[in-house]
Amino acid sequence: MLIAFAQGLTLGFSMIIAIGAQNAFVLRQGIRNENLFWVCLTCALSDIVLIITGVFLFDYLQVKSPELVFWAKAAGALYLTGYSIKIIYSVWRNPSTLTPSKNNKSGASVMMSILMSLGVTWLNPHVYLDTVVLIGSVATIFGDNKIFFGAGASLASIIFFFCLGYLAKSLRKFLATPITWKVIDITVAIIMLLIAGELVRSL
């Protein structure tokens, strides 16, 4: 139970920490301090819905179509391995940074900020691969404890978005340093490779 929860939390962090439109948007809203609670809550709840969908979808598919789950696991392992190699390569070629330049408030309403949060989440095709497919397929490894795996991944989203948003001003200089992202990227790559190995062993 605890192992499933811890692995879900670890995988959740490793997937969500990658730089993308969603993270950049939350960071910018944090720097602006504009409708921040609703932005963080919307992004976190969206991820939770997608994670739960993935966990239960693959649980259903494991009974109805085990062959599909097999290939999803194989694809997930291949994706994680390839993505890890890409991350490691980019560490030396093009170090990541996350530094939104604008810090003035835009005057957007709460509803507009929520809609923008939904947009950068649900209109991003990559989010479905990370949450529904990848986390859902990995969850099948844990059998009856899959719900704890999903809970760990969900908690990672909550912690990450609220920390990123509310610590945005403090983290701004920290996240602008290439060496910081080298350490983060290499750590994420190692975690992904380890989880890919778990997927291969479960085939």
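The values are calculated or read from the model by the stated rules, or taken from the named source; none is laboratory data. Bear in mind that the values here come from a model prediction, so they are computed numbers and not experimental data. Note that we place each Cβ from the backbone using ideal geometry, even for glycine, and neighbour counts take in every protein chain shown.
The table that follows gives values for the structure above.
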read-out	value
Pair list, Cβ under 7 Å, 6 or more apart: region 41-68 residue under 29 Å from VAL120 (Cβ atoms), other residue of a type in the set (D, E, K, R)	VAL55/LYS146; ASP59/LYS146
In region 1-57, the residues that are charged (D, E, K, R) and assigned to a helix (DSSP H, G or I)	ARG28, ARG32, ASP47
Positions within region 80-103 being at pLDDT below 80 and part of a helix (DSSP H, G or I), in sequence order	LEU80, TYR83, ILE87, SER90, VAL91, TRP92, ARG93
Every residue from region 5-28 that is more than 20 Å from PRO125 (Cα to Cα), buried (at least 22 other Cβ atoms within 10 Å of the Cβ) and touching a Phe, Trp or Tyr at 6+ places or on another chain (Cβ under 9 Å)	GLN7, GLY8
Residues of region 29-69 classified as surrounded by fewer than 18 Cβ atoms within 10 Å (Cβ to Cβ), of a type in the set (A, V, I, L, M, F, W, C) and more than 20 Å from THR131 (Cβ to Cβ), total	3
Filter result (crowded, with 20+ Cβ neighbours inside 10 Å and either modelled with pLDDT of 90 or more or under 16 Å from ALA6 (Cα atoms) (or both)) within region 123-147	ILE135, GLY136, VAL138, ALA139, THR140, PHE142, LYS146
Failed condition for CYS163, given (1) closer than 30 Å to LEU199 by Cβ; (2) modelled with pLDDT of 85 or more; (3) in contact with a helix residue (DSSP H, G or I) (Cβ under 8 Å, 6 or more places away or on another chain); (4) not hydroxyl-bearing (Ser, Thr, Tyr)	(3)
